[in-house]
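Scroll down for the structure; my scribbles are underneath it.
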Amino acid sequence: MSGEIEIGRSKRARRAYSFDDIALVPARRTRDTQDVRVGWQLDAYHLDLPVMAAPMDSVMSPETAVLVGRLGGVGVLDLEGLWTRYEDPSEAYARIRQAGPGEATRAMQEVYRAPIRPELITARLTQVRQAGVVVAGRLSPAQTQRHWRTVVDAGVDLFVIRGAAVSAEHVSGTVEPLNLKRFIYELDVPVIVGGVTTYTAALHLMRTGAAAVLVGQGGGASSSVRQVLGLHMPMATAVSDVAAARRDFLDESGGRYVHVIADGSVGNSGDVVKAIACGADAVMLGAALARAVEAPGGGYHWGDESHHERLPRGFRSWVGTVGSLEEILNGPSDRADGTLNIVGALRRTLATTGYSDVKELQRVEVVLAPYAATPSR
């Protein structure tokens, strides 16, 4: 365990680390990039890339979900987003993109007041299914009990329950909370649930029967949870802690493996590599894919926390455009900042450190080496 630091006479704190605080160390062996594998197996589905596209309206439309699937990843549709509120959401997108900096949050609040339409949930998931790729859809814990039947009947392959902080023991004095363990047990579809950032919370979620857990608090580059609620856990420590819960649950359950997916602070190829080195099986990309020319956000990025009616905990951010989805994931690249050819960089790291696949990379040596950009000399 990390040593504790005294904050004051009555409070001690554990030191935690972000991806910028760590680096990987090459091993004694190297490999050819053609001899490494980056695919992974999630339940019954073999995926060529350890990448899931975040269920954010700035990133995912039915078309981009299909494209990510064809490139070897999984595109997760936000089933509470614009595509399930509007038959044609182009005007809603335009309003969000065109709003001034001081007006963006209010514009999003107004746009997202339109109700979720079950028939559009079915239509969007059907569109992805007809393309022949893995179908994944996301609901928040609050909306799961209302819309889960529609989602399952539409033929979803992976059911994602994603929120800023999801627990297996939600307490409410006003409504009956979602019983995750019973829900997952009765559902004949693999469930991915999160986010979590601690060992204990992750272990409890694994005991519900989830196929994978998301590590992070959502929002990513467009989140202001730390400023608004005071909540934050640096991702290198969070992923490592949740990976430890996976290891202990593997022993506790007699061999049941729960996948760990890093969901937050994964903005470039170096972050992807470091997330896997800390124990992640895959990553969920938001801002990294919002930079694609095909992304519906048009260079802007936002999460569902950004348009909360009473307490927004995120904002619309400008991330720009760097290339196509294919270039971002598989290259080629003409940039040296890690925003293009993310999977190519992962392959290169595997080759440089001598590991043959993503799972083996979790054993790589990691050092504390806080990163600070320096001007060229």
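The values are calculated or read from the model by the stated rules, or taken from the named source; none is laboratory data. The structure presented is a predicted model; accordingly, all values stated were derived computationally and were not measured. FYI the Cβ positions are ideal-geometry reconstructions off the backbone, even for glycines, and counts take in every protein chain you see.
Listing for the model above:
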quantity	calculated
Residues that are outside any loop (DSSP other than H, G, I, E, B) and crowded, with 16+ Cβ neighbours inside 10 Å, drawn from the range 353-365	Thr353, Val358, Leu361
Unique match (being touching a residue at least 40 places away in the same chain (Cβ under 8 Å), surrounded by 24 or more Cβ atoms within 10 Å (Cβ to Cβ) and not hydrophobic (A, V, I, L, M, F, W, C)) among Gly297, Gly270	Gly297
Selection count where residues are within 25 Å of Pro312 (Cα to Cα), crowded, with 24+ Cβ neighbours inside 10 Å and among the hydrophobic types (A, V, I, L, M, F, W, C), scope the range 217-260	2
Test: residue in the range 117-124 that is surrounded by fewer than 18 Cβ atoms within 10 Å (Cβ to Cβ) and within 25 Å of Gly314 (Cα to Cα)	yes
Tabulated pairs, the range 15-29, first surrounded by fewer than 18 Cβ atoms within 10 Å (Cβ to Cβ), second of a type in the set (Asp, Glu), C-beta under 6 angstrom, 6+ apart or interchain	Val25/Glu365
Number of the condition not met by Glu309 [criteria: (1) of a type in the set (Asp, Glu); (2) in contact with a Pro (Cβ under 8 Å, 6 or more places away or on another chain); (3) surrounded by fewer than 22 Cβ atoms within 10 Å (Cβ to Cβ)]	(2)
Residue among Tyr86, Tyr93, Tyr112 that is touching a Pro at 6+ places or on another chain (Cβ under 7 Å) and surrounded by 13 or more Cβ atoms within 10 Å (Cβ to Cβ)	Tyr93
Test for Leu346: is it over 24 Å from Trp83 (Cβ atoms) and hydrophobic (A, V, I, L, M, F, W, C)	yes
In the range 319-352, the residues that are outside any loop (DSSP other than H, G, I, E, B) and in contact with a strand residue (DSSP E or B) (Cβ under 6 Å, 6 or more places away or on another chain)	Leu325, Ile328
Selection from the range 323-334 of residues that are among the aliphatic types (A, V, I, L, M) and either closer than 14 Å to Ala345 by Cβ or surrounded by fewer than 19 Cβ atoms within 10 Å (Cβ to Cβ) (or both)	Ile328, Leu329
Selection within the range 246-280 - farther than 23 Å from Ser223 by Cβ and touching a His at 6+ places or on another chain (Cβ under 9 Å)	Arg246
Residues of the range 274-310 satisfying the condition of being part of a loop (DSSP other than H, G, I, E, B), touching a strand residue (DSSP E or B) at 6+ places or on another chain (Cβ under 8 Å) and either acidic (Asp, Glu) or under 19 Å from Val74 (Cβ atoms) (or both)	Ala280, Asp281, Gly286, Arg291, Gly303
Unique residue being of a type outside the set (Ser, Thr, Tyr), touching a His at 6+ places or on another chain (Cβ under 8 Å) and touching a residue at least 12 places away in the same chain (Cβ under 8 Å) when the list is Val193, Val213, Val239	Val213
Scope the range 113-135; condition over 30 Å from Gln98 (Cβ atoms) and not in a loop (DSSP other than H, G, I, E, B); matching residues	Thr122, Thr126, Arg129, Gln130
Search result, residues across the range 198-216 that are on the phi > 0 side of the Ramachandran plot and surrounded by 24 or more Cβ atoms within 10 Å (Cβ to Cβ)	Gly216
Total residues in the range 30-61, condition surrounded by 17 or more Cβ atoms within 10 Å (Cβ to Cβ) and either under 28 Å from Phe315 (Cα atoms) or among the hydroxyl-bearing types (Ser, Thr, Tyr) (or both)	12
Helices (runs of 4 or more DSSP H) wholly inside the range 52-112 that include at least 3 residues being aromatic (Phe, Trp, Tyr)	none
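Every residue, every condition in (1) over 21 Å from Gly195 (Cβ atoms); (2) of a type in the set (S, T, N, Q); (3) in contact with a helix residue (DSSP H, G or I) (Cβ under 9 Å, 6 or more places away or on another chain), yes or no:
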{"residue": "Arg14", "(1), (2), (3)": "no, no, yes"}
{"residue": "Tyr17", "(1), (2), (3)": "no, no, yes"}
{"residue": "Leu42", "(1), (2), (3)": "no, no, no"}
{"residue": "Met52", "(1), (2), (3)": "no, no, yes"}
{"residue": "Ser61", "(1), (2), (3)": "yes, yes, yes"}
{"residue": "Gly69", "(1), (2), (3)": "yes, no, yes"}
{"residue": "Gly73", "(1), (2), (3)": "no, no, yes"}
{"residue": "Glu80", "(1), (2), (3)": "no, no, yes"}
{"residue": "Ala92", "(1), (2), (3)": "yes, no, yes"}
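Results for (1) touching a strand residue (DSSP E or B) at 6+ places or on another chain (Cβ under 7 Å); (2) modelled with pLDDT under 95; (3) of a type in the set (Val, Ile, Thr), shown as yes or no for each residue.
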{"position": "Arg95", "(1), (2), (3)": "no, no, no"}
{"position": "Pro118", "(1), (2), (3)": "no, no, no"}
{"position": "Arg162", "(1), (2), (3)": "yes, yes, no"}
{"position": "Ile184", "(1), (2), (3)": "yes, yes, yes"}
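Residue-by-condition table, conditions (1) modelled with pLDDT of 95 or more; (2) part of a loop (DSSP other than H, G, I, E, B); (3) among the aromatic types (Phe, Trp, Tyr):
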{"residue": "Asp188", "(1), (2), (3)": "no, yes, no"}
{"residue": "Ile192", "(1), (2), (3)": "yes, no, no"}
{"residue": "Gly195", "(1), (2), (3)": "no, no, no"}
{"residue": "Ala201", "(1), (2), (3)": "no, no, no"}
{"residue": "Thr208", "(1), (2), (3)": "no, yes, no"}
{"residue": "Leu214", "(1), (2), (3)": "yes, no, no"}
{"residue": "Gly218", "(1), (2), (3)": "no, yes, no"}
{"residue": "Ala221", "(1), (2), (3)": "no, no, no"}
{"residue": "Arg226", "(1), (2), (3)": "no, no, no"}
